[in-house]
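Taking it in order: structure first as structure tokens, then the write-up.
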Amino acid sequence: MPRTHRPENPRVLWHLVSFALVFGCWEIAGRWPISVAFPPFSQTVLALLRMLADGSLPKAYLSTLQPLVIGVILCGIAGIGFGIGMGLSRAVEWFTLPVFIILQAAPMAAIIPLITYIYGIGLTAKVLAVVFLAAPVVVMNSYKGIRNTNPSLIQMCRAFLGTRSQEVVKIILPHAGALIFAGLRLGLAMGFIGVVIAELLITPTGIGDLITYHSSVADYPEMFAAVASIILIASLTIHGLERLERRLFPPELRGSS
Amino acid sequence: MSADAIVEVAGVGKTYEGRVQALVDVSLGFPSGKLSTLLGPSGCGKTTLLKIIGGLIPATTGEVWVKGRKVEGPGPERAFVFQDFALLPWATVLRNVAFGLELRGVPTAEREEIARQQIVEVGLAGFESTYPHQLSGGMRQRVGLARALAVDADIILMDEPFSSVDEQTRRKFQEELLDLLRRKQKTVIFVTHSIEEAAYLSDRIVLLSPRPGTVSKIIQPNIARGQRSADEIRRDKNYLDAVDEIWQILRRYVA
């Protein structure tokens, strides 16, 4: 018998089973009911479809994605820049590292009122919330990627008459590429957190507005639909990036030779 | 010191971080076109000495002269083969072998042409587009050797190249190395801790004492290699005498 069996299929099946199980429990718990504020899965899905149909959900995402995309792009450029700079130069490291360690440790919700105080309640403040949350992980990953370069490869480069700039371009950056990309992915995940916190704490706009509004008027299925949608979008994006990362930087081509 | 020494080490000492004395007052010459081994107990500074000759680390005292010029850093007349292979994991065999030429700015077509020849020389034909992780330890070191041969240096510095390679592969590799070097007329400085390897390969064995390392004795096995097989060489009286002589000296250093 020819082997047509593919290992992918049972895995997809198990994924579906696990989804069915979780959503089934949600449905049962909602119908029980556990609480009047906990709608069953089916009602949440219907609410989601309603919000898609009347355009309120797409409109909300359009405004939520703005600070997120701007913030993550800023982190991508400046964050990776700082990280690489810190990895390559002791002076930049001495100057910059403490800032990012503090940022990484600071509880963001406590800093947001400060941001509002200085930058008001507009787009700038929300972009900053995203940047403050996403930048540390982007910077630290780039920095560590650079610092963890196999010293033996650097010595090899020097032995074969490589210049310092060849060393950076041909050894250090390719070596750090995977970690830098992983940093961007984690940065985006933090960015999602940052943008929702900003929309809940600064001024209700976008998806944050949908969540607060529907919860205040007790439209629980709509509120749950909004929450579920942001979780769904965030996880799908991050998962997609993770797969891209594995394709761009296969683990076996990263390890030590 | 012999007149035809291509590498001369004069009074070289190395002290790490002002504390650990790795080498002290090493003076010797390496004859052109010969294979010399640096042999000694672990921690005797043999790799340190090789890296000083390679210009990868500076000597604390003394000087190294290569082809009449003082060593200030790595140079085009010296190529290095690393103990841990030091291959780019993200690059194919072809690019790895051509990497030394790539760093020198040799155009792609030209350097790949040279690299392909060297890949054939070290017996890796057909593996041009594989990646290091797909190769065994022995094959990876062949890539390392091909990379060193590709830059066409007169002197090849080999730092325990077979230490992460299994015994069978090592023997095969040693035979091929001898054959290859005989044809290429390279000067080789070879670091090893294996007595048999040193005696089998070398024209000249430099025995180093334990830390701080210094030249303890120089042995010239004088094995008539000619067209003889590896097994014949391993039964040669001079080979066996050399092994014994080395062991008589080294055993004093083993605690």
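The values are calculated or read from the model by the stated rules, or taken from the named source; none is laboratory data. Keep in mind the model is a prediction, meaning the values are calculated, not measured. Quick reminder, even Gly has a Cβ in these numbers, built from the backbone with ideal geometry, and neighbours come from all protein chains shown.
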Counting only residues that are of a type outside the set (A, V, I, L, M, F, W, C), out of contact with any helix residue (DSSP H, G or I) (no Cβ under 6 Å at 6 or more places or on another chain) and outside any helix (DSSP H, G or I), segment A:22-70 contains a total of 4
Has segment A:233-253 got any residue that is in contact (Cβ under 8 Å) with a residue 40 or more places away in the chain, crowded, with 22+ Cβ neighbours inside 10 Å, touching a helix residue (DSSP H, G or I) at 6+ places or on another chain (Cβ under 9 Å) and part of a helix (DSSP H, G or I)?
no
In this structure, is A:V195 touching a residue at least 60 places away in the same chain (Cβ under 8 Å) and aliphatic (A, V, I, L, M)?
yes
Return yes when B:V243 is in contact with a Pro (Cβ under 8 Å, 6 or more places away or on another chain) and touching a residue at least 12 places away in the same chain (Cβ under 8 Å) and no when it is not.
no
When A:R185 is evaluated against the numbered criteria (1) out of contact with any Phe, Trp or Tyr (no Cβ under 7 Å at 6 or more places or on another chain); (2) within 15 Å of A:R254 (Cα to Cα); (3) part of a helix (DSSP H, G or I), which criterion, by number, is the only one it fails?
(2)
Can you name every one of the helices (runs of 4 or more DSSP H) wholly within segment A:92-169 that holds 2 or more residues which are more than 30 Å from B:A150 (Cβ to Cβ) and away from every other protein chain (no Cβ under 14 Å)?
A:108-119, A:123-147
Considering segment B:220-249 alone, what residues qualify as being touching a helix residue (DSSP H, G or I) at 6+ places or on another chain (Cβ under 7 Å), over 20 Å from B:K172 (Cα atoms) and of a type in the set (A, V, I, L, M, F, W, C)?
B:A242, B:I246, B:W247
Which residue out of B:G73, B:G62, B:G55 is away from chain A (no Cβ under 13 Å), touching a Gly at 6+ places or on another chain (Cβ under 8 Å), of a type in the set (G, A, S) and touching a residue at least 12 places away in the same chain (Cβ under 8 Å)?
B:G62
Exactly one condition in (1) surrounded by fewer than 17 Cβ atoms within 10 Å (Cβ to Cβ); (2) under 19 Å from the mean Cα position of the chain (by Cα); (3) not hydroxyl-bearing (S, T, Y) is false for A:W94; which is it?
(2)
Among the residues of segment B:82-97 satisfying the criterion of being closer than 18 Å to B:M158 by Cα and more than 8 Å from chain A (Cβ to nearest Cβ), which is nearest to the chain's Cα centre (by Cα)?
B:Q83
Considering only segment B:168-180, I want to know if a residue exists there that is of a type in the set (S, T, Y) and more than 14 Å from chain A (Cβ to nearest Cβ).
yes
Quick one: would you say A:I211 is more than 14 Å from chain B (Cβ to nearest Cβ) and in contact with a Lys or Arg (Cβ under 7 Å, 6 or more places away or on another chain)?
no
Restricted to segment B:128-145, and to residues that are in contact (Cβ under 8 Å) with a residue 40 or more places away in the chain and part of a loop (DSSP other than H, G, I, E, B), which residue is nearest to the other protein chains (Cβ to nearest Cβ)?
B:Y131
Just to be sure before I move on: is B:V20 of a type outside the set (K, R) and within 25 Å of B:E245 (Cβ to Cβ) in the structure I sent?
no
Out of B:Q141, B:Q134, B:Q168, I need the residue that is over 15 Å from the mean Cα position of the chain (by Cα) and modelled with pLDDT of 90 or more. Which one?
B:Q134
Could you give every pair whose Cβ atoms fall below 8 Å, whose first residue belongs to segment B:11-39 and is surrounded by fewer than 17 Cβ atoms within 10 Å (Cβ to Cβ), and whose second residue is in a strand (DSSP E or B) and acidic (D, E), counting only separations of at least 6 or pairs across chains?
B:G11/B:D25; B:G11/B:E63
Does B:E102 fit the bill of being assigned to a helix (DSSP H, G or I), more than 20 Å from the chain's Cα centre (by Cα), acidic (D, E) and within 12 Å of chain A (Cβ to nearest Cβ)?
yes
Quick one: B:L149 ticks every box in (1) touching a Ser or Thr at 6+ places or on another chain (Cβ under 6 Å); (2) closer than 23 Å to B:L50 by Cβ; (3) surrounded by 20 or more Cβ atoms within 10 Å (Cβ to Cβ); (4) more than 10 Å from chain A (Cβ to nearest Cβ) bar one, so which box is it?
(1)
Using the structure shown, decide if B:L124 is in contact with a Ser or Thr (Cβ under 8 Å, 6 or more places away or on another chain) and more than 14 Å from every other protein chain (Cβ to nearest Cβ).
no
Only one of (1) farther than 25 Å from B:G105 by Cβ; (2) touching a Pro at 6+ places or on another chain (Cβ under 6 Å) is not met by B:P132, so which one is it?
(1)
